[in-house]
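Right, one structure below, let's go through it.
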Amino acid sequence: MVSGRGNAAAGTTLSLALFTARARRCLAVLPLSFAFLAPPAARAQAPPAPAYHFVVVLNPAHGGTDFGANLDGQPEKDYTLAFSTRLRSLLEARGISVVTTRQSDVRLTATQRAEIANHAEAQACLTLHASETGVGVHLFTSSLAPASPTLFEPWKTAQAAWITHSVALEGVLYSALQHAEIPVALGRTGLPAIDSMTCPAVAVEIAPDGAAAGSGSASGSLADPAYQAKVAAVLADALLEWRSEGPQL
Amino acid sequence: MIPRYQTVLFVVLLAATAVMGTVLWHLRQHEHQRLLQGEVSTPTRAPEVAPAVDATLMVADDADGSVVPQVLSLPLPPSPNERARALLGKLLDIYAAPGATHPVPGGASSILQVFLVPVPAGTPGAAGLSGAAAGSRGGPELAVVNLAASFADHHPSGLETETLTILSMCETLHANMPRITEVRFLVNGRPRATLAGHASLMRTYLATARTITGGAVASAGISAQPAVAGAGQ
């Protein structure tokens, strides 16, 4: 049985929910209304995401005529694209909106990649690389010195205002990988694609698993589907944890 | 019955074959010796009069992404430019040696030149001197390292390996010549976008080891521990 006060409260809740839903719809339409302002590359490949959504940008490195490193006969561009597809499906299964800078074998400039990431207004931007050297997973943030946010950020050093968030995201990824007993190394590097991103940005370089490197077996190698699935699942869970920590923008 | 002319022709051809085989053998031996001489990585030799001094080389290790100091006694030339070139040459010799912890082909010959120029006032590296270096005569310097194209072309491609190469070169220069606070890289005298497809060569790197000094670019260090969020601000 529902009392009158309960009915009133329920009505108020419903009204609030309707208002919230309408507000959400309006907010969802806003970015679409300004889509014409986006550059052609962004319009073609990255539909703008609602600002209140938790959005992750996946940026598979290389593509087209840029083959990247040679990973035992497989070009890095194919590996990063396949890993991006795998990670995207895991993230979407966890209810996380994903924007990818490329979904096919096309070459994008660093500027185009940053444009797509910045228009998505993402809460996490992962640039994916792969390498035969080293072991485990290498996490890199931009080597730009931290700077205070300003109204207009210089394009080539826009990431400077986000370094603090990027390092925090790197810490969450680091903890998750270490918890999963995957060797992980941290670093800072000069990577033009992430230097222009206005989001917490981390470059993830996947290398063979440390245990497999010594044994010489296929298990734990870059091509090992089980190893790829393990790394992707850990990254997806880490991003879920990152989302639970609240808005970072 | 074999005609006489065919016998003569056969003998002549046999002799020609033997001569050509001998010549080819000698040419092969000669080329082999030449290649062997080329493979011997030429040590960074200073003039014999230069005394040996302790030099700290920051040697990268791919296994754990670390850069560790290694002290060697080297005869280094007195000229700062040549000294910087000799230091980097020795570092790349270590990377080119069999069993290197950070294998990169090329060796000392990959360093074509190193130019030292004063850092313009107002740039991040201009405030990078500390301690004895700040007290010594002369201001901070920018090292312009001119790499051979073959070095960049044959450098292993990867974010970590390229970053380690740049980091170890910057830190080696700063460890031995503290007045060097900034480093820029050229390849065959021209700017190049990346070393081998990843790490940027278009920026000026601060050589002050692993410290964020509030400049435009911080050192590209790699560690096995997470950094504290907001460190260096």
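Just want the answer: with Cβ charges of +1 for Lys and Arg and -1 for Asp and Glu, which residue in B:PRO77, B:ALA60, B:GLY197 is farthest toward the dipole's positive end in region B:52-206? It is B:PRO77, whose Cα lies furthest towards the positive end.
Backbone phi angles across region B:72-86, fed through the Karplus curve with coefficients 6.51, -1.76 and 1.60 (θ = phi - 60°), yield HN-Hα couplings of 10, 9, 10, x, 9, x, x, 5, x, 4, 5, 5, 4, 5, 5 Hz in residue order; Gly and Pro are listed as x. Bridgeable lysines around A:LYS77 (alpha carbons under 26 Å apart, same-chain partners fewer than 8 residues away excluded): A:LYS156, A:LYS230. Peptide A:157-163 has a mean of 2 when you count, residue by residue, the C-beta atoms of other protein chains within 10 Å of its C-beta.
Evaluate E = 1/(1 + (r/R0)^6) for A:THR109 and A:SER175, where r is the Cβ-Cβ distance and R0 equals 25 Å; express this FRET efficiency to the nearest 0.05. Efficiency computed from Cβ-Cβ geometry: 0.15.
Charges were assigned to the Cβ only: +1 to each Lys and Arg, -1 to each Asp and Glu. The resulting dipole of region B:52-206 about its Cα centre is roughly 580 debye.
A simple packing score, the average count of other Cβ atoms within 10 Å per residue, orders the peptides B:62-70, A:155-163, B:198-206, A:195-203 as A:195-203, B:198-206, A:155-163, B:62-70, with the highest score first.
Since only A:THR150, A:PHE67, A:SER175 are under comparison, the one whose Cα sits farthest along the positive direction of the charge dipole of region A:39-244, derived from C-beta charges on Lys, Arg, Asp and Glu, is A:THR150. One decimal place: the segment B:TYR5-B:ARG192 gains 60.7 nm when fully extended, by the rule 0.36 nm per residue minus the C-alpha distance. For region A:39-244, the relative contact order comes to 24 percent (Cα pairs under 8 Å, sequence separation of at least 6). Structural descriptor for region B:52-206: relative contact order 23 percent, calculated from alpha carbon pairs under 8 angstrom and at least 6 residues apart.
Values in this text are rule-based calculations from the coordinates and carry no lab data. Please read all numbers here as calculations on a predicted model, not as lab measurements. Using ideal geometry, Cβ is built from the backbone for each residue, glycine included, and neighbour counts are taken over all protein chains shown.
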